[in-house]
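Since the structure comes first, as structure tokens, the remarks are kept for the end.
The values are calculated or read from the model by the stated rules, or taken from the named source; none is laboratory data. Nothing here was measured: the structure is a model prediction, and the numbers come from that model. Virtual Cβ from ideal backbone geometry, glycine too; neighbours counted across all protein chains shown.
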Amino acid sequence: MSRPEVADNVEALRAQIRDWRRHGQRVAMVPTMGALHEGHLSLIRIAREKAERCVVSIFVNPAQFAPTEDLDKYPRQLARDLDMLATVKADLAFTPTVGAMYPAGFATKISVGGPSAGLESDFRPTFFEGVATVVAKLFLQATPDCAVFGEKDYQQLCVVRQLCRDLDLPVEIVGAPTIRDAYGLAMSSRNAYLGDAELQTARRLNVILREAAAALAGNAGQKDATDEATSSLIAAGFQKVDYVEARESLTLAPWRPDRAGRVLAAAWLGQTRLIDNVEVPTA
Ligand code: PAF
């Protein structure tokens, strides 16, 4: 298994993509911040089914981290990432520098409304601006036919869809199911921060969200179900719960029982913030 080619600047990326297009090949993109795990590999496998060529960007995007967040600590392991990309036969890794993405004088921010309201934005007010700006740049740099995003970051997926719709970016956004460990814990690069005891607690998150979703499907009141989930998370060992909320799956508007719904949550274990979401089951 050979590692993919690496393009560390936009010119090299575009030259490769031009060459593929000359041969009539479609291009799928998987944007990542590296520290790849099985969840990312599942996105790449889907990308490879959607197009002849797959480009994976690896860029820890400073614009989506608040000054208090873990930008410096965020795991960076390019050699290991390239080895993992070899296992799923990604064609190209795009690894731009911060200076190339945000050169001196860079002064543009993309602010997406709609699904970005509340949830993550209540706790990370500049997060989606950072995500939307970098994703728009990546799409304009790579001009992929489609791009794959995980449902694990469900609000991000909805924001990226809104971004493409609103700006007429001709990129098909494909949502991919969350990959979980044997205990249902959603794969995340931040799981690497968890000690053994924290890992046991983290594995309760999906169970408690599923219980809340089942209660909602069984006509429990929304406040009762989400309050109960919050109490259960604290009892399980989470120190702080940022939110547990039910939202409409498509728009992320407040959920109404006649609509497809999703229960979304963010909670803290020590210094680590975990997010997850599950579907409200339908009869
Ligand atoms: O989900 C992520 O890893 C990041 O938010 C993304 C989409 C790569 C943008 O930096």
| said: Can you tell me which of (1) touching a helix residue (DSSP H, G or I) at 6+ places or on another chain (Cβ under 7 Å); (2) over 19 Å from T251 (Cα atoms) is the one E69 doesn't meet? | reply: (1)
| message | Can you confirm whether L216 is surrounded by 18 or more Cβ atoms within 10 Å (Cβ to Cβ), under 23 Å from S121 (Cβ atoms) and over 18 Å from the mean Cα position of the chain (by Cα)? | response | yes
| query | When residues of segment 231-283 are filtered for being part of a strand (DSSP E or B) and either polar (S, T, N, Q) or touching a residue at least 60 places away in the same chain (Cβ under 8 Å) (or both), how many remain? | reply | 18
| said: Quick check on my filter: what residues within segment 113-138 are within 11 Å of the ligand (Cβ to nearest atom) and of a type in the set (A, V, I, L, M, F, W, C)? | reply: F127, F128, V131, A132, V134, V135, A136, L138
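Confirm whether V98 is of a type outside the set (S, T, N, Q) and either under 23 Å from D181 (Cα atoms) or in contact with a Leu (Cβ under 8 Å, 6 or more places away or on another chain) (or both).
no
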| Restricting segment 47-62 to residues that are surrounded by fewer than 19 Cβ atoms within 10 Å (Cβ to Cβ) and not basic (K, R), the residue that is nearest to the ligand (Cβ to nearest atom) | V60
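Looking at A197, A225 in this structure, which one is in a helix (DSSP H, G or I) and farther than 22 Å from E120 by Cα?
Unique residue meeting the criteria: A197.
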| request: May I ask you to say which residue of T251, T230 is closer than 26 Å to D70 by Cα and modelled with pLDDT of 95 or more? | output: T230
| said: Condition check: outside any loop (DSSP other than H, G, I, E, B), at negative phi and not hydrophobic (A, V, I, L, M, F, W, C). Does P115 satisfy that? | reply: yes
| request: Report whether or not A7 is small (G, A, S) and in contact with a strand residue (DSSP E or B) (Cβ under 8 Å, 6 or more places away or on another chain). | output: yes
| message | Given (1) farther than 22 Å from A12 by Cβ; (2) within 13 Å of the ligand (Cβ to nearest atom); (3) acidic (D, E), identify the lone condition not met by D81. | response | (1)
| note | Picking from V207, V171, V280, V241, the residue that is under 19 Å from F149 (Cα atoms) and among the aliphatic types (A, V, I, L, M) would be V171
| query | Where residues in segment 124-175 are of a type outside the set (V, I, T) and in a loop (DSSP other than H, G, I, E, B), which of them is surrounded by the fewest Cβ atoms within 10 Å (Cβ to Cβ)? | reply | D168
